[in-house]
Structures are given as structure tokens and as C-alpha cells.
Amino acid sequence: MNPIIIAIIFSIVVIVAIYIVTARSSKSTVKNMNLRIKELAERLGLQVPKTATSSISSFFTVGLSGLIKDRNFHFTNYIRSEKTSNKHSTEFSWECQRRETPCIIISREGLVTSFRKQFGLQDIEIGDKNFDGKFLVKCDDTDYAKRILTAALCNEILKKERVMYGSITIQNQEVHYIEPGLLVNEQDVDRLVRLIDLCKIIAIETEK
């Protein structure tokens, strides 16, 4: 058989094999997402959403939305295909009854951010040595950030340090949390419930 034809056939077989493996992996991921979202909905007392569907090289999402003790809550898990890879993200937000507030971003301090701070990366020192050493705070209004991040609230955030993989943004009418990755196992649900409770506390504090 012509070597060129053999090469073409081999290429087609490889492409089909990759597609099948990717499709199976994608379906497994979405199945886990749906199971965890159902579990999270039950933990929060929200209606279980419709299941997510998957298609290769596309966007698919599953989320929760509703009132919890008269406060709006939204949760989303999504996968978005980009040019070279898929972006996985988990995020949620709590309604905050306060308008036009300066934006505060709180994230854990890592080796990269610690290094960048040496070269001028903005970081507001709240005044709590333990908190300042573990978290990066950005805000255009330093006084507002210090007023919101009280000693009690800093202590609450420190308690959740090990389960916080992303960043918290306090802005206008919501407290928003986002992290890379998907909600795919039971440990993730337990971890996210703790963070959801934390962000609700922050939302309440900003209203005072």
C-alpha cells in the first residue's frame, strides 16, 4: 500500500481515538459537575438545576440561583473552550445591599505575588500582621478597605485561608468569589460551602 495512504489512514485513526477519549473524559467531568451541583443545591436549600450538557470544543455550564434568607445567591460552574485549551471556572456571588462602593479584591498571597510586591504591586496593609502576611488586598480607597476589613472579619477570612483557592471581590451590590477549576468531588462541596458562608458574612458586614 502506498506510504502516503497509510500515513493518512493512521492520522485519521489517531484523530478519531483522541476525539473518543476526549468525549468520554468530557462526559465524565460533566457528570461529576451535575452530581456536585445537585449536592450543593440540597445543602443550600435551593432547587436542583437542569443538568449541564457537553459538546467538544464548546461552552457548557451549570448553575444555581435563588433566594437564601431573603438574599440573592448565584453559583456557576463552567467550561469555556479557548484557542489552545479549556478554561474551567467556579464562581458564586451574594447580593449586597449597598450601592457604588469602591472595589476591594482579596486573594491569598503566594510566591509570585510576594515577589511582585517587591516591585510595586499594590497591597493595602490592614494592620493585622497575620492577615497582611497571608492575603493581598487591592482597593482604590485605602480607608474604605480598612473600614470594611475589621479585625473580626479578617479573623473570619483567616479561618478559611486553606480552602480559599481564588479571590473575593467586593463591589457595588455583590460579594463575588471566583477560582479556577470545577466542582467535581465531595471535598469541593464541603470547601465551597465554607467559602459561601464566609462571603455571606462579608456581604452583611459591608452593609453596616
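The values are calculated or read from the model by the stated rules, or taken from the named source; none is laboratory data. These numbers were taken from a predicted model, which means no experiment stands behind them. Note: ideal-geometry Cβ built from the backbone for every residue, glycine included; neighbour counts use all protein chains shown.
Below is a table of values for the structure above.
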read-out	value
Top-ranked residue in the range 157-173 [being among the hydroxyl-bearing types (Ser, Thr, Tyr) and closer than 15 Å to Val137 by Cβ; ranked as surrounded by the most Cβ atoms within 10 Å (Cβ to Cβ)]	Thr169
Qualifying residue in the range 144-164 (condition: in contact with a strand residue (DSSP E or B) (Cβ under 9 Å, 6 or more places away or on another chain), aliphatic (A, V, I, L, M), under 30 Å from Phe60 (Cα atoms) and modelled with pLDDT of 90 or more)	yes
Residue that is surrounded by 13 or more Cβ atoms within 10 Å (Cβ to Cβ), more than 13 Å from the chain's Cα centre (by Cα), within 21 Å of Glu100 (Cα to Cα) and at pLDDT below 90, where the choices are Ile202, Ile124	Ile124
